[in-house]
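Read the structure below first, then the notes.
Each reported figure results from applying straightforward, stated rules to the coordinates on display, with no laboratory input. This one's a predicted model, so the numbers in the text were calculated from it and none came from an experiment. We place every Cβ from the backbone using ideal geometry, glycine too, and count neighbours over all the protein chains shown.
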Amino acid sequence: MDPDSLFQEAISNLINHPEYNSTLILRSDVVSDTHLTSGNESPPRAPRLSAFRATRCIHRVLLPRRPGRDGVLEQLCTFYSVALSGSDSLQADSEAPDAHQLHEDEAQDSAPTDTVILTPLPDASGLPYYHPAVEHLAMRYLASPSLGILRVEVLLPSDSSVQKDALEPGSKLARQCTTLLQHLHRYTPSYTPQSAHDRLFPREEYQDLYLAMRAFLESDGGRQDKEAGWTEMVSKWKERTGMDGAKQVYEDVGIACWLMLLWKDTFAPSNPFNPNPQSALCPPTDGNGSFDSPHASSAQPPTIQGSESEPLWTKWPRPPNGFLDLGCGNGLLTHILLTAGYTGQGVDVRTRPSWQYFPATTQQQLLVKAVDLLDILNPVEPIQEDWKGVWLIGNHADELTPWLPLLSMLLPTSGFASIPCCAWGFDARWDRGSALFPIEVSVPTSKPDLIDSSLEAPSASSSKNDTLTVVKGAKTPDDFAASLHLGGGANSNTTTYAGYRIWLASLHAHLGWKIEVDTLRIGSTRAWAIVEGRSYQITDTQTGRTRIASTPAQEDAANERARDIVRSVRERGLFKVRVPEGRAVEHR
């Protein structure tokens, strides 16, 4: 790809995703996108440059991540290219162009964009904090035979104090321009993104829900009794994790929103075969398949409200028998979901200091109990009915993490979602060289289009070193790792955390689940999630579960693989049930 095309691609990324350059920006919504010819002038606020011609103008609205603190801002993004010899930058009269002029217009349109100028259109309140204090900001690519140059130029306001501050070393404007240059460089094809977000539902849908959920929790809607409102609970946060309390609180709000959207799509009754049915949050189409921005005319931050001011999620599909947050820790995720109107429980081996600050309705659903996995999965005992239709959550569940796909396989749950953190195997710390059940990944010669096509009847040693098909088109272990979107650069797959996630994903495939992964939009470095696949038909109307195995033989083989693992763990004799601390409470 030539340098001009690389620059245009980088500019396109920055125009469409301003939040990549500033964490204070949520996103942008386009009001209009006009391609300019010699017959129509650029907007009055866009600068006119000698020897350059404006070819395109995007009018957009920047939406802040914190609407209560920062305001929205309208902005013009004007594209320029060098005016071709013999053509004027602007046509002065209104007469229709002749054939020669049309030919020049076509040639000018094909000229590469080498300058883009951002022009803020502030209201009476002035520029928000996240925008540089400038009248215009230009991003330019200066081509040369040997080496191209990326440059950022600004036009400062006439205010002398602003000019003086801007010229100081390390000033806010200097930092913003440096970050902008770095982002222009990183959006070239040679840059490898660290993670892949929004693989299960649209980014805008998640962001709108997140803002609405925060507003709901901070309002009277988040108050479950007279004494325990959300704001009071956050202010009394006492969990000693070494983290900023507010940061941890709102990370769990993000996880809760992600789960709510996942459940809405997974259990949607209208189209169970579609993993992404059109959400009620999506704006209406314009009749041509494109979406009209809900913010283009009002320039207001998003809200999600149902009828009579009830949150829209109150009518969303959800797990038939609620959720079970295994290893719930501080209990915050359980509390948020309960406050939003979902049914479920959290279980851990000990109480946490934070539990006392939750309302009584939440404390009743936070249970102290050790989970004896070998007892639960005892093939001699009948399956416990209380597990039917329950969705399992493993949010940094540590020792319980590898057991989630087994529990969901051998019990009538409705599914699971796992956000792994510390590397644990079935009965000990996970180690790359000595992990139980190392699984090789390759593609068989037959049926390469089917995920999991190798689930045949297992042999006596099938649980030890199996060859599985886990991702369509994955021909090598490296291909398989790449399909998981682990992030972190070219050599990131060699880290312990990456190796553990690769092992977990292969384990999921080993047990017959289609692998679906996502990277959550939260501040934690442990934001990678894996969920039970949802690509095949619903096989149990009571649990709502979906399975990748499409034949009884594959279903039986997957179940036998899971039981092989349980038998092997029992024979090794290393698995120990953690003793509950504090009050023990009967649980499912």
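Say R0 is 30 Å: what FRET efficiency, to the nearest 0.05, do Asp198 and His35 get from their beta-carbon distance?
Efficiency for this residue pair is about 0.60.
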inquiry  = If each residue of separation counts as 0.36 nm, what is the full-extension length gain between Lys576 and Asp386 once their alpha-carbon separation is subtracted?
reply    = 66.0 nm
request  = Could you run the Karplus curve 6.51 cos²θ - 1.76 cosθ + 1.60 with θ = phi - 60° over region 115-129 and give me ³J(HN,Hα) per residue in whole Hz, x for Gly and Pro?
outcome  = 8, 10, 10, 9, 10, x, 10, x, 8, 4, 7, x, 6, x, 4
Net +/- balance of residues flanking His485 in space, Cβ distance below 9 Å, scoring K and R +1, D and E -1 = 0
query = How much length, in nm to one decimal, is gained on full extension between Asn16 and Val82, taken as 0.36 nm per residue of separation minus their Cα-Cα distance?
reply = 21.4 nm
query = Highest mean first, what order results for 314-324, 352-362 on Cβ atoms within 10 Å?
reply = 314-324, 352-362
key: Residues Tyr206, Tyr250, Tyr80, Tyr129 arranged by fewest to most Cβ contacts within 10 Å   = Tyr129, Tyr250, Tyr206, Tyr80
note = Sorted by chain and then number, the residues having a modelled amide H within less than 5 Å of the amide H of Ser414, at least 5 places away or on another chain, are Gly389, Val390, Trp391, Leu392
inquiry  = Based only on other Cβ atoms within 10 Å, what is the fewest-to-most ordering of Lys247, Lys514?
reply    = Lys247, Lys514
inquiry  = Quick one: 3J(HN,Hα) in Hz for region 8-20, Karplus 6.51/-1.76/1.60 with θ = phi - 60°, rounded, Gly and Pro as x.
reply    = 5, 5, 5, 5, 4, 4, 5, 5, 7, 9, x, 5, 5
request  = Determine the gain in length on full extension of the stretch Gln364-Thr23; use 0.36 nm per residue of separation and subtract their C-alpha separation, reporting nm with one decimal.
outcome  = 119.0 nm
task = Output the peptides 339-351, 9-21 sorted from most to least packed, where packing is the average of other Cβ atoms within 10 Å over each peptide's residues.
result = 339-351, 9-21
task = Name the residues whose placed amide hydrogens come within less than 5 Å of the amide hydrogen of Leu26, ignoring near sequence neighbours (fewer than 5 apart) on the same chain.
result = Leu63, Arg65
key: Entries of Lys247/Lys315; Lys264/Lys388; Lys369/Lys576; Lys264/Lys369 with Cα pairs more than 21 Å apart   = Lys247/Lys315; Lys264/Lys369
ask   = Peptides 411-417, 135-141, 153-159: what's the order by average Cβ count within 10 Å, highest mean first?
value = 411-417, 135-141, 153-159
